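Here is the structure we will look at.
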Amino acid sequence: MQPYLRVEHQLLRDGAAFSSVHEKMVYLLLQSYAGRDGLAFPSHQTLADAVPCGKTTVKNCLQTLVEKGWIEKVERFDRHGGQTSNGYRIRAGSPGASGQVPGHETTSGETPVASKEKGVKKPSLKKEPPSPGVKEIITHFEREIGRVTPSIRRQLERLLKETSPAVLHHAIEQATAANIRNFNYIQVIIDSLKQRNLLTQEQIDRHEQHRRASSRKRTSRRTDRGRLPDWVERERRQQQQAEAEQKQRFEETVPDQGELALLLAELI
């Protein structure tokens, strides 16, 4: 994750692009949380705390941004097919998606002061934190699984370098859905996705959809195998009808209580 968020001057100063200051803050926060693939996973509560506002306001702002076409809602599912927390992707054509490149001309036509100063060493743009996105991963882990120890933090940083934020978020959600608060379980899920080369959110979603469809087919085949053939059902109904008719004939031939009393009186 970059240590700062570059925001275009036009986007920051435009008072007509957003319906409220809350909507503008939610949009900027999504850009702040977005990974390299443009996908952000902050919860409604996280956004509400950062704006600050209520969760209902956050939901309304997100819906408005989706309707404007500036962000895209990405539904996410666990391995059992249950829906988990949603993600939001910043669309390529949305305002501020590219960001303002430091040192370039601003919207007012003025060059930033830092680029005019002589003898001042410009900061290198190539320097990035060793673990991009690890802060969001740790926050997600602590919220769903538990405390992050120094050992777990180092492993999360390593796994993030080897895979992607989408893989780690998915593994944490799978462990939460299975109610297993164990890092080894998360490690197994990450290794499985890595072996299958499922590193982006789109690849993971396609895999989950295919897996759920295969599971439904297996369930359907098991149900079909458990169903009796039609001829067996017909014979069962015929047998039940024959037994009912036999019982009726038996009841007709056996004398009732009144007839038995008369027969006993004659014998006495």
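The values are calculated or read from the model by the stated rules, or taken from the named source; none is laboratory data. Predicted, not measured: the structure shown is a model, and the values here were computed from it. We place every Cβ from the backbone using ideal geometry, glycine too, and count neighbours over all the protein chains shown.
Conditions (1) within 24 Å of GLY38 (Cα to Cα); (2) under 16 Å from the mean Cα position of the chain (by Cα); (3) at pLDDT 90 or above, marked per residue:
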| residue | (1), (2), (3) |
| --- | --- |
| GLU157 | yes, no, yes |
| ILE180 | no, no, no |
| VAL188 | no, no, yes |
| LEU199 | yes, yes, no |
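Are there any helices (runs of 4 or more DSSP H) wholly within region 155-268 with 1 or more residues that are assigned by TED's automatic domain parsing to the domain that holds HIS140 and touching a helix residue (DSSP H, G or I) at 6+ places or on another chain (Cβ under 9 Å), and if so which?
Filter on region 155-268 gives 165-177, 183-195, 201-226.
Given the criteria free of Cβ contacts under 8 Å to residues at least 60 places away in the same chain and among the small types (Gly, Ala, Ser), does SER214 qualify?
Numbers: free of Cβ contacts under 8 Å to residues at least 60 places away in the same chain: yes; among the small types (Gly, Ala, Ser): yes.
Yes.
From the list LYS194, LYS161, pick out the single residue that is in contact (Cβ under 8 Å) with a residue 24 or more places away in the chain, farther than 19 Å from VAL74 by Cα and surrounded by 13 or more Cβ atoms within 10 Å (Cβ to Cβ).
Every option except LYS194 fails the conditions.
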